[in-house]
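Take a look at the structure below.
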Amino acid sequence: MQVIYEGVDIYPEISVGRCWHDMRAYGAMDSLQVDFGDINGTWDKWNPKAGDTIEIKDGAARTGKMYIAHVTPKSSQMQVTAYPAPQSMRERRNRSWQRVRLLQLVSEIARTNGMEWESYGLDNPEYAYVEQDNESDLAFLNRRLTLESAALIIFDGKLIAYSAPWMESQESNGEVEIRAGLDYTFRDDSNLAYGSCTVTDGSTTSTFTVGQGKSLNRVIQGRISNVAEASRFAKGLLREANRDAVEMTIRTDSMLRQYAAGSVLTLHADKAASWDGKAFVKAMRHDYYDSRCKIWLTKPLEGY
């Protein structure tokens, strides 16, 4: 294993306790939590501080460059928490745009924060007016992408904006067998899922319906340009409300380095037949200390 701190591999000089890298395909940033042994006060001499960079590597598994947010001294330990976005992305801002396209927003926010960007499967709609009102760039971009049935992953200095339906439709990255003895749990709350979503800004309203179920009603902050835009937003918010209705959690005794949040897997689930087929990795935890992982899976949504 390598622990790259401010560009230098410090692993030979330190001891590592808990080392968890939590990866998320939507809803929150990745995070890294590392407990370093610090009997000799090594970390205090190095004067670690917020904004320093850290990266963990272990074969094909890597966290990418992450920015330290918290350094917490404990008894004979130093606990470090880091995120893949710099502090500037979490600072509140106020600004607005007219006649702007979605990917222009992604590009400008990436440039503002010294990052690169990529997009996958996204349309590039134009908005008549968009306002960022006392929101961080991270919260603003997540909100805007959610309205468009999309999501954001931040990895190694790059903003990755992707269409959720497009991502879920990709070919499987690999196969996992749900066999006797595997540590897994699952729940199915699909009976509680919404069947439709109605969106309004007070003047423009539209409803997107996918099937039977209760109705979700949402009031949008800001302007909606037309009914077509309102319908897209209703679809995105319905997807957000229903995407976690069915979930499986798997714990493994190995790292599964070839997968990450956003991967699509094929499950062979004789012991849980309703899960047989494709599943989407919504989150994944690499435990670098114990060389194992935990995977959170959802079923791809159909029809939206």
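The values are calculated or read from the model by the stated rules, or taken from the named source; none is laboratory data. What you see is a predicted model, and the numbers here were worked out from it, not measured in a lab. Neighbour counts run over all protein chains shown; Cβ positions are idealised from the backbone, glycine included.
Please state which of the following conditions Asn47 fails to meet, knowing it meets all the rest: (1) within 23 Å of Met115 (Cβ to Cβ); (2) free of Cβ contacts under 8 Å to residues at least 12 places away in the same chain.
Failing condition for Asn47: (1).
Please go through the stretch 36-80 and give me each residue that is in contact with a Leu (Cβ under 8 Å, 6 or more places away or on another chain) and of a type in the set (Val, Ile, Thr), ordered by number.
Listed by number, the residues that qualify are Ile54, Ile56, Thr63, Val80.
Mind telling me which of the residues Val199, Val176, Val246 ends up being among the aliphatic types (A, V, I, L, M) and farther than 28 Å from Met284 by Cα?
Val199
Among residues belonging to the stretch 274-294 that are closer than 14 Å to Val264 by Cβ and more than 13 Å from the chain's Cα centre (by Cα), point out the one that is surrounded by the fewest Cβ atoms within 10 Å (Cβ to Cβ).
Gly277
Mind telling me which of the residues Met23, Met1, Met78 ends up being touching a Phe, Trp or Tyr at 6+ places or on another chain (Cβ under 9 Å), surrounded by fewer than 16 Cβ atoms within 10 Å (Cβ to Cβ) and either over 30 Å from Glu126 (Cα atoms) or in the same structural domain as Tyr129 (by the TED database) (or both)?
Among Met23, Met1, Met78, only Met1 is touching a Phe, Trp or Tyr at 6+ places or on another chain (Cβ under 9 Å), surrounded by fewer than 16 Cβ atoms within 10 Å (Cβ to Cβ) and either over 30 Å from Glu126 (Cα atoms) or in the same structural domain as Tyr129 (by the TED database) (or both).
Just to be sure before I move on: is Arg111 in contact with an Asp or Glu (Cβ under 9 Å, 6 or more places away or on another chain) and of a type in the set (Lys, Arg) in the structure I sent?
No: the conditions fail for Arg111.
Would you mind stating whether Arg239 is among the charged types (D, E, K, R), in contact with a helix residue (DSSP H, G or I) (Cβ under 8 Å, 6 or more places away or on another chain) and under 27 Å from Gln33 (Cα atoms)? Quick ask: steps written out before the conclusion?
Working: among the charged types (D, E, K, R): yes; in contact with a helix residue (DSSP H, G or I) (Cβ under 8 Å, 6 or more places away or on another chain): yes; under 27 Å from Gln33 (Cα atoms): no.
Answer is no for this residue.
Identify all residues within the stretch 159-187 that are assigned to a strand (DSSP E or B), surrounded by 14 or more Cβ atoms within 10 Å (Cβ to Cβ) and in contact (Cβ under 8 Å) with a residue 60 or more places away in the chain; write none if there are none.
Tyr162, Val176, Tyr184, Phe186
Give the stretch 197-214 a look and list any residue that's on the phi < 0 side of the Ramachandran plot and either without any contact (Cβ under 8 Å) to a residue 24 or more places away in the chain or not in a loop (DSSP other than H, G, I, E, B) (or both), or say none.
Result: Cys197, Thr198, Val199, Thr200, Ser203, Thr205, Ser206, Thr207, Phe208, Thr209, Gln212, Lys214.
For Ile109, are the conditions met, namely being surrounded by 19 or more Cβ atoms within 10 Å (Cβ to Cβ), farther than 30 Å from Val264 by Cβ, of a type outside the set (Gly, Ala, Ser) and modelled with pLDDT of 95 or more?
So Ile109 does not fit the description; no.
Does Glu116 satisfy the condition of being in contact (Cβ under 8 Å) with a residue 24 or more places away in the chain, surrounded by fewer than 16 Cβ atoms within 10 Å (Cβ to Cβ) and closer than 22 Å to Gly64 by Cα?
yes
On the given criteria, is Arg93 over 20 Å from the mean Cα position of the chain (by Cα) and either among the basic types (Lys, Arg) or closer than 20 Å to Ile160 by Cα (or both)?
yes
Can you tell me which residue among Asp253, Asp244 is at pLDDT 95 or above, among the charged types (D, E, K, R) and surrounded by fewer than 21 Cβ atoms within 10 Å (Cβ to Cβ)?
Details: Asp253 fails: at pLDDT 95 or above.
Answer to the check: Asp244.
Within the stretch 48-67, restricting attention to residues that are of a type in the set (A, V, I, L, M) and more than 18 Å from the chain's Cα centre (by Cα), which residue is farthest from Cys19 (Cα to Cα)?
Ranking the candidates gives Ala50 first.
Test Lys235 against the criterion of being buried (at least 21 other Cβ atoms within 10 Å of the Cβ) and touching a strand residue (DSSP E or B) at 6+ places or on another chain (Cβ under 8 Å), and give yes or no. Before you say what the answer is, go through the steps one by one.
Values: buried (at least 21 other Cβ atoms within 10 Å of the Cβ): yes; touching a strand residue (DSSP E or B) at 6+ places or on another chain (Cβ under 8 Å): yes.
Considered against the rule, which asks whether it is buried (at least 21 other Cβ atoms within 10 Å of the Cβ) and touching a strand residue (DSSP E or B) at 6+ places or on another chain (Cβ under 8 Å), Lys235 comes out as yes.
Mind counting the residues in the stretch 89-117 that are polar (S, T, N, Q) and touching a Ser or Thr at 6+ places or on another chain (Cβ under 8 Å)?
2
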